[in-house]
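First the structure, in the form of structure tokens, and then the observations on it.
The values are calculated or read from the model by the stated rules, or taken from the named source; none is laboratory data. Keep in mind that this is a model prediction, so the values were computed, not measured. Cβ atoms come from the backbone with ideal geometry, glycine included; neighbour counts cover every protein chain shown. Note: accessible area is taken over every heavy atom of the protein model, side chains too, but ligands, DNA and RNA are not part of it. Shrake-Rupley method; radii C 1.70, N 1.55, O 1.52, S 1.80 Å.
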Amino acid sequence: MKHKSNLKELKDKNKKRVLKILINNGPLSRTELSQYTGLSMTAISDLVEELLNEKMIKESGIGQSNGGRRPIMLEINSGNGYIATFKIFKDNLTCILFDFNLNKRDEKIIKFNYYDLPFLQGIIVNFTNDIEKDLELNNKKIYGIGICLNDDLKELNFRGVLSTSISSDYMTLSQALSYELDIPVVVENEIDLKSMAEYLVLGINENLAYIDLNDEVRSSVILRDGRINNDINIGHMIIDRNGPECPEGHRGCLNTLVTVKALIKKIVALERNHINDKEFLSINSVYKFFENDTINKVTNDAIDALKVAILNLKNLLNIKLFVFDGKISNMFNVADNLQKSFNDIIIKQSFVNDEDVLKAAAKLTLNKIIY
């Protein structure tokens, strides 16, 4: 029994290898697939036959002859299968369908007034099943689901009591959905998907750091092979050991130097004789009110702190591309100000949109299916 299980795992692994090769290099002939994989022609023929029957690949015409019969070419059947991606907000979710070439095929929005984790699970399951019914009429199907958790919904990634068809248990949203729908499900926070979206849009092959400057400093690092590095928390990087202390006990970290709260606090300290109502201050109001040396000093201090962070990340992870986003980045023109100080590093302002973010979710889901 174990022997049969091992054979099935090996066949599944080889099928994924064939799919990966066709996505990256197709269309290819059976002979070329044999050369790419190192598998025998008999093994390739069996794998191709199964993938054709599953409609994961298709024959795409006749190739060039190398002296014998002209070969039949094979490629991914991008029009047959879809990745369903969801971006979740408090009162609605957006669903975009992507094919295997990451082309957008359809978009829908579902609105609701209230939900908890089990309710959200039911919404996605029912919506996916409804889409599949329509797709089945054209012999198409959904092969995986990618979910983007909006920034204020991170708690949905925690474990909760979620129901499956036969039981209720503590599990993640991705585990419950994958069990119910019997397809791979990837759930990622928006910050990681934004960094992946930048990586895909820029079409690079370098390590990338995405840094969001808002009420806190949040970051995500994408390695050159397209993997997310979850080991870096840039917000707690120590910049000034004599600086202010953050709630977590880190003195002089980025969160105490370049967040909305930190900059307001610094401006208030510099302009305390001119500010009476501190409680209702926002970064927008103080920025508009103090278009003077105070703003310039605060801006220069924030830029200096970010320069140190960039150099640390460059040396630590060999990052040569930095993408900045968020209220502070936009207001203080962070990317342009930083770029003036570096010749061997590219620094850009983020411009990705929700569709780019969901395409990144589709890419990660496709990786889970194929790799």
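Close amide H partners of GLY252, meaning residues 5 or more places away or on another chain with modelled amide H under 5 Å apart, are GLY243, GLU245, CYS246. Considering only GLY38, GLY122, GLY235, the mean-square fluctuation computed in a Gaussian network model of the chain, springs between alpha carbons under 10 angstrom, is largest for GLY38.
When Cα Rg over 2.2 N^0.38 Å is computed from the coordinates, the matching label among [x] 1.20; [y] 1.07; [z] 1.00 is [x].
For segment 1-123, the Cβ-based charge dipole about the Cα centre amounts to some 220 debye (Lys, Arg positive; Asp, Glu negative; other atoms uncharged). With all protein chains kept in place, the per residue accessible area of segment 1-66 amounts to 66 square angstrom at a probe of 1.4 angstrom. Please compute one quarter of the surface area of the Cα convex hull for segment 1-133 and express it in square nanometres. In nm², the orientation-averaged hull projection of segment 1-133 is 11.3. Among the trypsin sites (Lys or Arg not before Pro) in segment 9-70, those located in a DSSP loop and surrounded by at most 13 other Cβ atoms within 10 Å of their own Cβ are ARG69. Solvent-accessible area per residue in segment 298-371 equals 44 Å², computed with a 1.4 angstrom probe and all protein chains kept.
Straight distance only, please: which lysines reach the Cα of LYS111 with their own Cα at less than 16 Å, same-chain residues fewer than 8 apart left out? Correct list for LYS111: LYS87, LYS90.
Under 15 Å of direct C-alpha separation, and excluding same-chain neighbours fewer than eight residues apart, LYS58 reaches these aspartates and glutamates: ASP46, GLU49, GLU50, GLU75, ASP99. How about LYS320: which lysines have a C-alpha closer than 24 Å to its C-alpha, ignoring those fewer than 8 places off in the same chain? Here the lysines satisfying the reach criterion relative to LYS320 are LYS194, LYS307, LYS340, LYS348, LYS359, LYS363.
Expressed as a whole percent, the accessible surface of segment 1-122 that belongs to carbon and sulfur atoms is 48, based on a 1.4 Å probe.
In the full protein context, segment 200-266 carries 51 Å² of accessible surface per residue, based on a 1.4 Å probe and ignoring ligands, DNA and RNA. Rounded to the nearest 20, the size of the Cβ-charge dipole of the chain about its Cα centre is 1060 debye, with Lys and Arg at +1 and Asp and Glu at -1. Positive contributions from Lys and Arg (+1) and negative ones from Asp and Glu (-1), summed over other residues with Cβ under 10 Å from the Cβ of LEU52, come out at -2. For the pair GLU136 and GLU248 in one chain, pulling the backbone fully straight at 0.36 nm per residue adds 35.1 nm over the alpha carbon distance. Mean-square fluctuations from a GNM of the chain, with a 10 angstrom spring cutoff on Cα atoms, peak among SER220, SER45, SER329 at SER45.
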